[in-house]
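As structure tokens, the structure follows; a few thoughts come after it.
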Amino acid sequence: QDEEKWDFVLVSDIHEVGSEKEIKRKKFLDELSKKGFTIKKIEDKKLFYGVRAPKQIFQKYQGLLRKPDNRLQNPNVHQDIPATTRIRIVNFILQNTTTPDLEKLHDLMKKKVFEATFPLHEKEEVREFLKEKWARWRGIFCQQPIEKIRCYFGEKVALYFAWLGWYTCLLGIAAAVGTVVFVAGITVFSSSQVSKEICEASNTIMCPLCDQKCSFWLLSDTCTYAKVTHMIDNEGTVLFAMFMAIWATVFLELWKRQRATVVTNWDLYRWDEEEEELAMELINNLQHEPRQYQHSYFRSTIILLLVLLMIAVLIGIAHALVIYRVIAVALFTQSNFAFLREQANTMAVMTGAVLHYITIVVMTKVNRRVALYLCDLEKPRTFSQRENNFTVKIFTFQFFTNFSSLIYIAFFLGRINGHPGNYVRIAGKWRLEECHPSGCITDLFIQMAIIMLLKQTISNVMEYLVPWISHKLRKKQQRPKKRRMILGEEEEAEDPCKRQWLSNYQLNEVNIFSLFDEFLEMVIQYSFTTIFVAAFPLAPLLAFFNNLFEIRLDAIKMMRLCRRMVPRKANDIGIWLYVLEAIGILAVIGNGLVIAITSDFIPMQVYKYTYSPCMTENNTGVDCLTGYINHSLSTFRIQDFEPYTNGEPGLALTGLCCRYRDYRNADDYGYTVQFWHIFAARLAFLILFEHVALCVKLIAAWYVPDVPQFVKNQLLDRKHSNLHEELRWVMPQKV
């Protein structure tokens, strides 16, 4: 039965005898035969070639790298070599076998000599267990069988699921705290003094929000919007932002401990990837010379300039979204529908968020091609180096794609738009948007909520449906041929390999980036969950529920809908750990900026402790925020409007002035002392928050050791016993 196990299957179209493709295919298969490979051919609509490597290859591997796969140190255990290691070695040899025309398998696949190459999903005990217990929706709250995943898919996939499970587990804590903060915000929905003042401001006339068709309006008209804003923007949000900065650090520190425990059990703690790769090269070709390390400052400079150019393009797209929102507001305010006119700003934010999501989907594909092109320019020495370079570039591009628009809303919206009588305009025509009198944080909340919900619903549905539909279609296309084969050539149809190879071929193709895509998706989600969490406390809750489904969705895809991945050996999640640490630092900076700049927390505190009735009149019987709204609005004389501002008179008949959100004088419209006071307080808070948060992060990183003590002791005992064993062999020779 072992003789009928095939390591890999190569699929090719049926080419004409004597054609160039047929000759190239024969040359490649001949090279494999010279290396001792057994090849079996099965013909259907396509040609299937099963390949099985000779035992000597695996004996060489175990001789060169005995420790990782053979703890017993017994040279005669080649039958017990794990299936994942077999597949990995055979894949390496297939990819690096060169024909007399100096072509490798990669080149032949580009020229359509071979259509596909994949290891087989074997009908073994581990697979059946994973299909029944792991790749099922009903197991959504069950613990994952990481050891079994490792036995079937290799260490890299097992570590991904171990990390994802750990991340989801700790997200539960963050989600609970975020929900408590949000619920606490709802309980003060109507009790906020600032909201009360806005709701009661029936005599406060506000300046028009656009040039044409916009009337003067009463501040009390936006009562509900103000209540929603102060539901998000309160003292609890500040504490939650600090908590999330600490949570991000503790999560990574605890993951390092978890990873150390897992890889020690796998005997891979001190595994050397470079040594492994050199061993594989020598097994494939004894005359192989290692490729030397190289560095070119010229090439690095070119790549850096191209990366900066790409970032500039992505920021340009964010600017285009800003221009869309400005024009959308202008068009909505001129609409014949009263609802669109009244909710012009909110509708512009919501449609802008949907447009932003579409740009994310499109630019993700563009970013991948650009990052791959830049990696080819770099000419990395090894595959793992290429993967690391690609990871850094694609994450950088994706970060700007996802967050440029959010950064504008958080830190620029309503701060660069000028003031009545002197608005900043695009092309001298359209006014830039301005914030609501109760703050800009609701705009950021809406943008984040829409993007996260769309990413986690549409993207996940597509991620599952596309492979499922594709698999069903491929299966349907193969069926008629299969029936004819059974009727016409019963002997060949009886071949058990044929049915197995066909069923594997009908599954969806996987590539080297299949697992990478899953990691990237989760890391971008982690960025959303931590960086702007001050504006959207429900982000961890959404991420938590998404991940519960994501784990099973990925499991079902890998086990039922896709061909078997080529196992990869690894002892950590690689460069992703450094990316996550960078996000942790960005989270501190981002949340500090959101509270200091986007939120009204600082202006409220400055008013409370400097200008409020509690301070100026020693009146302790009233709420200290009484009068805050009137204090935060400036006055504008209506006759100073630009001549082409054609606002409808409306309420303007009752007074000569209107109010707008800013700290400016009523005479020359210059900044008041209060503006500079608040500006200084914002900077002071930002510096204090970031230093305190970073210090707490450093203390947490020091307090929680990366490697548990029992793992260190286990490694110490292992070293001691190995040296002791060697000494026993050395001592008798000296006697």
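The values are calculated or read from the model by the stated rules, or taken from the named source; none is laboratory data. These figures come from a predicted structure and were not determined experimentally. Quick reminder, even Gly has a Cβ in these numbers, built from the backbone with ideal geometry, and neighbours come from all protein chains shown. The area values use the complete protein model at the heavy-atom level, side chains included, leaving out ligands, DNA and RNA. Shrake-Rupley method; radii C 1.70, N 1.55, O 1.52, S 1.80 Å.
Based on C-alpha pairs under 8 angstrom that are at least 6 apart in sequence, the chain has a relative contact order of 21 percent.
Largest accessible area first, the residues Thr204, Thr229 order themselves as Thr204, Thr229 under a 1.4 Å probe with ligands, DNA and RNA left out.
Here is the P(r) of the range 487-645: all C-alpha pair distances, binned every 10 Å from 0, give 8, 19, 18, 16, 13, 10, 8, 4, 3, 1, 0 in whole percents.
For the chain, the carbon plus sulfur part of the accessible surface works out to 61%, probe radius 1.4 Å. With all protein chains in place and ligands, DNA and RNA left out, the 1.4 Å accessible area ranks Arg136, Arg291, Arg325, Arg52 as Arg291, Arg136, Arg52, Arg325, largest first. With all protein chains kept in place, the per residue accessible area of the chain amounts to 49 square angstrom at a probe of 1.4 angstrom.
Here the chain was treated as a single set of alpha-carbon atoms; its pair distances binned every 10 Å from 0 give 2, 11, 19, 20, 16, 12, 9, 6, 3, 1, 0, 0 percent. Each Cα pair under 8 Å and six or more residues apart adds its separation to the average, and for the range 399-455 the resulting relative contact order is 34 percent. Using heavy atoms of the protein chains and a probe of 1.4 Å, the accessible area assigned to Thr346 is about 30 Å².
Taking the 0 to 90 degree range and rounding to the nearest ten, how far is the long axis of helix 709-734 tilted relative to the main principal axis of the chain, both from C-alpha atoms? It works out to around 30 degrees.
Kirkwood radius and radius of gyration were both taken over the C-alpha atoms of the range 373-473, and their ratio Rg/Rh is 1.18. For the chain, the Cys residues with no second cysteine's beta carbon closer than 4.7 Å are Cys142, Cys151, Cys169, Cys375, Cys497, Cys562, Cys657, Cys695. Accessible area of Arg425 (1.4 Å probe, protein heavy atoms only, ligands and nucleic acids ignored): about 40 Å².
Set against the 2.2 N^0.38 Å expectation for a compact globular protein, the range 513-565 has a Cα radius of gyration ratio of 1.33. Put simply, the C-alpha atoms of the range 540-579 give a gyration tensor, and the ellipsoid matching it has half-axes of 22, 20, 6 Å, longest first. Taking the helices alone, the chain has a mean residue ellipticity at 222 nm of -20500 deg cm²/dmol, built from -39,500 (n - 2.57) per DSSP H run of at least 4 residues and averaged over all its residues.
Rolled with a 1.4 Å probe across the full set of protein chains, the surface gives Ser33 an accessible area near 60 Å².
Label zone (Asp107, point 7 Å along Cα-to-C-beta; backbone nitrogen cut-off 14 Å) within the range 364-405: none. With all protein chains in place and ligands, DNA and RNA left out, the 1.4 Å accessible area ranks Tyr671, Tyr526, Tyr373 as Tyr373, Tyr671, Tyr526, largest first.
Note that the range 105-228 carries a Kirkwood radius of 21.2 Å, evaluated over its alpha carbons pair by pair.
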